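First up is the structure itself, then whatever we jot down about it.
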Amino acid sequence: MIIRHLVFRQGRRALAGKSFQHLRRFLSTEIDSIEASAENNIKQLQSLEAQINATIAKPVPSIDSVTHATAPSAQATDSVAEQYHLFKQQQQLIGKLGSDISPHYQPHTLLNNPPSPADVTLELLLASEAHQGHATSLWNPANARYIHGIRQGIHIISLDVTAAHLRRAAKVVQEVSKRGGVVLFVGTRAGQERAMVRAAELAKGCHLFERWIPGSITNGQQILGRCRTKVVNEKDEEVTGFEEQLYDRAVLRPELVVCMNPLENYVLLHECALNNIPTIGVIDTDADPTWVTYPIPANDDSLRCIQVIAGVLGRAGEAGQKQRLEAAEKGVITYRPARGLRLPNDPEDQSPSPEENLKDTDGWAEKLDAAANHEGDGKRIKVVA
Amino acid sequence: MARGELSRGLRRAIDSLGLPRCERSIPVPRTIFRPTTARCLSTSISKHAELVSETPEKFTAAPPIDFDKQDGKERGKKALLRTLRVIPASPSYFSAKPTFTGDFINLSALLRKVATLPTIPAAEAPKVAWKTIDQYRIMVNEPVKTQRYHKMVHILRRLNCIHPSLMPEEVTQAMLRYKKASQPGDVKPKPGVIDEWGRAKGVGRRKTSSAVAWVVEGEGGVLINGKSLSNFFPRLHDRESAVWALKATQRLDKYNVWGLVTGGGVTGQAEALTLAVAKALLVHEPALKPALRRAGCVTRDPRKVERKKAGHVKARKMPTWVKR
């Protein structure tokens, strides 16, 4: 291939170079000399070809037979699988060689190994652009106390306040998790899915990365009625036999909502406020901090910042769950048990006597009572940052 | 009303309370021996006589109450109830479609895991029929949006493009859930057979006609419904199209055709025969398939008479518009 190209190029250049002479010589009828020169040209090309062939034929010496796995099996491996395995082997052998790279930002680490509340530093927040607010004209004056200043026309959020609020929110999440509450992580902007799923996984809570269906709390029976719930004991092992009772039970509500983009989730926050469910929200300079119970002033447009915040809160939830399970090991129940559950294999419940039939209305009253209590439960955890 | 119901309920309750007692009392008279020869008129005396004459039935008294045990049981149950709490079965509970969201998250995670494996172009990937949105909705029983499902199918297609020699078992298992029960290439038509008299049968349909043709090796005789081709089809074009499969492959003088055709008109019958003869010929010589396809003898023409609609004069023709 290379040689053919060379011949082409050389030949053309030779012809182009000679064309002037060619015409002149044609006029002077020196045809034989032209022929001779052409022959010479061809001879030169042939020698060049031979040279190139010689160099190509030489085998490339391997650097080290141990590390260089290709050398022994130099023959063509046509199978893709073989080639892939060979590549993997090579990568394992020599992938780490070369210069030492100083610590740098690797996007996946925030998801794979999120920072815990103890790792929250101003450097981390600054690196994740938590300080960048919006253009000054877009601001919500209620955020004045979180704003450090103005730079190039945008508000700069003071990171010490961010860190303090983030730590406080982490404590809230930890305490709710410790008390067996369901924490809902909501991030409905594009790209926030993984962070939400990861945080929910850590905190054993719930996640939502699509639209919040309006009425999921206020009209929950219609919207979440079909979603399955389960009964678990203190060690989070599922206890079976309660399916029929769960079928009649009211749908679940989150005990705490963490919202990464309050601006788009007005309905969710409104419903939470109506039902006395505490909320944590990332409040940018254009958002209203009164929408949420525990604001975290930070940049909600940066995915990296959202990943840091979600990771920290997820880790806090993880710590809370761990505390709860540890207490359960010792026989201490840190949460309020579910009300109105009856044991499925109780003989008294299995064959209700006629007296109980008459008292059925009382059972309903009890249930309603329980629901009212549940509504009134909305415990506010007071945590000082 | 309410009082009546209550009283009825009470009566029923009393009845049900009374029932077991009755059952218990039944065996007692059975065991009592009543001498037929008793001549006493007074019942009390006879009872006295019974008690004297018969030994009473043996029984054992109820065991003593074990307070500790019963208490312990109760306490255990209460303690269990005190540890229970109700939580969502899936972390996607509040999305109102937990199964779908769970599936989507699992597939995305799987794709992230195998993203670096070598792939083949989508055109060369094995053909897979994925479940349609309706089939999936029935499977999970959740209101899944079409666009979201398409996103998931996009991931599935990408997973399907992994090089077959490196396809992980995990991925194959995960994809099974989203495949239709029957895949393209699963259903293969039964190969036709030549019977002991050297006949091959073929069936063809067109418009409302249907034809059966038996093709035998011979010297070019054609009998349709017991008549010769020229007698059965007066039109030259129909004659040609009936044996077009043989004519297009220059085998008119090598086979005999015996056909039965019913229904429809002349053209429909002729073209139904084309298909029937072609199918029977394919049994004799399967290698002719490309040639026959090119001649237009393999595909069934699905066109039928369109039904007439209400408010139309014909299938589509509207009545003439008159101003007043």
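The values are calculated or read from the model by the stated rules, or taken from the named source; none is laboratory data. None of the values given here were measured: they were computed from a predicted structure. Positions of Cβ are generated from backbone atoms using ideal geometry, with glycine treated the same way; all protein chains shown enter the neighbour counts. Just the protein is used for accessible areas: all its heavy atoms, side chains included, with ligands, DNA and RNA removed. Shrake-Rupley method; radii C 1.70, N 1.55, O 1.52, S 1.80 Å.
For region A:107-330, what are the per-bin percents of Cα-Cα distances with bins 10 Å wide, up to the bin holding the maximum?
Result, from short to long distances: 8, 33, 35, 17, 6, 1, 0 percent.
Taking the Cα centre of region A:107-330 as the origin and placing charges on Cβ (Lys, Arg +1; Asp, Glu -1), which of A:285, A:306, A:163 is farthest toward the positive end of the dipole?
Among A:285, A:306, A:163, the one farthest towards the positive end of the dipole of region A:107-330 is A:163.
What does the accessible area of residue B:237 come to, in Å² to the nearest 10, when a probe of 1.4 Å is used?
So the heavy atoms of residue B:237 present about 100 Å² to solvent.
Other chains' Cβ within 10 Å of B:95-102 residues: what's the mean?
Per-residue shielding by partner chains comes out at 5.
For peptide A:335-341, how many partner chain Cβ atoms fall within 10 Å of a residue's Cβ, on average?
Across A:335-341, the average partner-chain Cβ count within 10 Å equals 4.
Where nothing but the Cβ of Lys and Arg (+1) and of Asp and Glu (-1) is charged, how large is the charge dipole of region B:223-265 around its Cα centre, in debye to the nearest 20?
60 debye
Rounded to the nearest 10 Å², what accessible area does residue B:93 have for a 1.4 Å probe in the complete protein model?
Its accessible surface works out to 0 Å², give or take rounding.
Can you tell me the relative contact order of region B:98-176? Whole percent, Cα pairs under 8 Å, sequence separation 6 or more. Please list the in-between numbers first.
Numbers: 40 pairs, mean separation 38.1, N = 79.
Reported as a whole number, the value is 48 percent.
Go through B:58, B:201, B:127 and list them by solvent-accessible area, largest first, probe radius 1.4 Å.
Greatest to least solvent exposure: B:58, B:127, B:201.
Relative contact order of region B:75-234: what whole-number percent is it, with Cα pairs under 8 angstrom and at least 6 residues apart?
18 percent
To the nearest 0.05, how large is the calculated FRET efficiency for residue B:151 and residue B:323 if R₀ is 56 Å and r is the Cβ-Cβ distance?
FRET efficiency, residue B:151 to residue B:323: 0.55.
To the nearest hundred square angstrom, how large is the accessible surface buried between B and A, total for both chains, probe 1.4 angstrom?
Approximately 3900 Å² gets buried when B meets A.
Multiply the residue gap between residue A:140 and residue A:266 by 0.36 nm, knock off their C-alpha separation, and tell me the result in nm, one decimal place.
This chain segment gains 43.8 nm when fully extended.
Taking the Cα centre of region B:98-176 as origin and charging only Cβ (+1 Lys, Arg; -1 Asp, Glu), how large is the dipole, in debye to the nearest 20?
Details: 10 positive and 6 negative charges, 55 e Å.
Its charge dipole is roughly 260 debye.
Normalised by the number of residues in region B:200-310, what is the relative contact order in percent for Cα pairs under 8 Å and 6+ residues apart?
That works out to 39 percent.
Calculate the mean, over all residues of peptide A:210-218, of how many other protein chain Cβ atoms lie within 10 angstrom of the residue's Cβ.
For this peptide, the per-residue mean of nearby foreign Cβ atoms is 3.
Along each principal axis of its Cα atoms, how long is region B:98-176 end to end? Whole angstroms, biggest number first, please.
Here the Cα extents, ordered largest to smallest, are 36, 23, 19 Å.
Under a 1.4 angstrom probe, counting protein chains only, how are B:149, A:105, A:84 ranked by accessible area, largest first?
Reading off the accessible areas and sorting them downward yields A:105, A:84, B:149.
To the nearest 10 Å², what's residue A:193's accessible area with a 1.4 Å probe?
Approximately 70 Å² for this residue.
Output the peptides A:320-328, A:281-289 sorted from most to least packed, where packing is the average of other Cβ atoms within 10 Å over each peptide's residues.
A:281-289, A:320-328
Out of every Cα pair in region B:200-310, what percent are spaced more than 16 Å from each other?
53 percent
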